[in-house]
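To keep things clear, I will list the structure first and then write my remarks on it.
A short reminder: the numbers here are calculations on the coordinates, not readings from a lab. Values in this document were obtained by computation on a predicted structure and should not be read as measured data. Glycine also receives a Cβ, built like all others from the backbone with ideal geometry; neighbour counts cover every protein chain displayed.
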Amino acid sequence: MKYKVFVLFISILNIIFSDYKIIDNKIYFNNTLLQFQSKDSFELFEPDSKTFEVINDFYAKDKYTVYYGSVNIIMADPATFKLLAGRFSKDKNNIYCWTTIIPKADPRTFEIIDILKDLTRDENNEYQYCKKVIKN
């Protein structure tokens, strides 16, 4: 019970001190109304304020999608989305560099080697600056 209260308290602090704001059940980031495009159509939807959760100053999610600022990460799975370090995050299907999928990166084996040099790898490839390193 204490843990749930603590998590709720941290979530409330994240919303209060982040650039995400909920006003009249509409969600804003830096005074920009959040909307997202469906994965299946071009129709725009607003986030679900009941399930909206601020992850940190820049990332948030609801039951439909994950947001980086006012941009939704279209292919991200909010149920399995996790921040890694620096600009990297992942879900069950992909590795993300900010809002962009790193093509063919394996979320199961992806690891950060040196965050300062932006070096990462998975079981098949090495990456630097969010791109596959081509070996000669």
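Worth a mention:
- Close amide H pairs (under 5 Å, H built 1.01 Å from N) link Leu119 with Ile113, Asp114, residues at least 5 positions away or on another chain.
- For region 75-85, 3J(HN,Hα) computed residue by residue from phi via the Karplus equation (6.51, -1.76, 1.60; θ = phi - 60°) reads 8, 5, 9, x, 5, 10, 5, 9, 7, 9, 7 Hz, glycine and proline entered as x.
- Between Ile23 and Glu43, the simple label model (points 7 Å from Cα in the Cβ direction) yields a spacing of 2.7 nm.
- D (Stokes-Einstein, µm²/s), Kirkwood Cα radius, region 42-84, 0.890 mPa s at 25 °C: 233
- Spacing of the two label points (7 Å from each Cα toward its C-beta) at Met75 and Ile134, in nm: 2.1
- In region 81-120, Cα pairs under 8 Å separated by at least six residues give a relative contact order of 26 percent.
- When each of Lys26/Lys90; Lys63/Lys92; Lys104/Lys135; Lys90/Lys135; Lys92/Lys117; Lys21/Lys92 is checked by Cα-Cα distance, pairs over 21 Å: Lys26/Lys90; Lys90/Lys135; Lys92/Lys117; Lys21/Lys92
- Helix 2-17 axis, angle to the chain major axis (alpha carbon atoms, nearest 10°): 90
- Per-residue ³J(HN,Hα) for region 119-125, Karplus 6.51 cos²θ - 1.76 cosθ + 1.60, θ = phi - 60°, Hz, x for Gly and Pro: 9, 9, 7, 9, 5, 10, 9
- Taken over the Cα atoms of region 92-134, the convex hull encloses 68 Å³ per residue.
- Rounded FRET efficiency, nearest 0.05, which uses the C-beta distance separating Asp57 from Ala85 and R0 of 22 Å: 0.90
- Using alpha carbons only: equivalent-ellipsoid semi-axes of the chain, gyration tensor based, whole Å: 29, 18, 13
- Relative contact order of the chain, defined on C-alpha pairs under 8 angstrom at six or more residues apart (%): 12
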